[in-house]
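See below for the structure under consideration.
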Amino acid sequence: MKTIFTSSIILLLLTLVLGCKKRPEKSTGEIKVLSGIYPSVSKGLERGRTFHISTLSFSPKGLIESALEPDGSRGWHHLGKEGYWTLPVVGGITGENLAPHSYRTKQSGAPFLKGLPPGYARREELSDTLLFKKRYRRFEIRTPHSFTRYYIFKTDTLCPYEVYPGLYGKYKGRLERIDSYDKKRDVFTTFQLLHYATVSSEASRVLSLLKPRL
């Protein structure tokens, strides 16, 4: 089962995109990135698990990430336009590498890719739906062995991180949820972005120590 969970998360995360838009000068907030995996879903949801992949926190000082690392620990990253810096926190002091790492080498947290969802040209528009007291626009992309549904919340709020930023111009909103079902493996996966207007005290401390790089 561990293999199914691991491979499903990797397949899901490889489809994600990060976009850096110009945001309000005094913008502050937090985005939690969650992934749910449900193997043998046709037999029930009992074996499902939810993973907290990443928390993205931002302020006028920059964009940082608390990410689940491959070894199970959590690490901090400072995210810039051209790359990212690992932030070791020791004794309350945060340091940065002088040169950024390439996003191509990033193995944890939110991935940095560009483009529209695979198969976007053959998407099927669905009716709007209410989910957790929010109204979402939806579309679906099908293949012979799977289908994926995308949920877009209409808003004019700019964020430094967006999944498939090209969708914003087409739907006037941000993508907040992706549901996928693999018919062959009978695995259902969810991907969610939860937005908050405040940041944690720990993230606020790390942000206060940053040198502006975005």
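Any read-out appearing in this document is the output of simple, stated calculations on the displayed coordinates, not a laboratory observation. These numbers were taken from a predicted model, which means no experiment stands behind them. Because the Cβ atoms are built from the backbone with ideal geometry, glycine has one as well, and the counts that use them run over all protein chains shown.
Given R₀ = 25 Å, FRET efficiency for Arg74-Lys170 by Cβ-Cβ distance, to 0.05? Efficiency computed from Cβ-Cβ geometry: 0.10. The number of Lys pairs in the stretch 134-214 with C-alpha atoms less than 25 Å apart, excluding pairs fewer than 8 positions apart on the same chain, is 5. What full-extension length gain, to one decimal in nm, is calculated for Leu34 and Glu125 as 0.36 nm per residue of separation minus the Cα-Cα distance? Length gained, Leu34 through Glu125: 30.3 nm. When the trypsin sites (Lys or Arg not before Pro) in the stretch 111-206 are filtered for DSSP coil states and for at most 13 other beta-carbon atoms within 10 Å of their beta-carbon, the remaining sites are Lys114, Lys133, Lys172, Lys183, Lys184.
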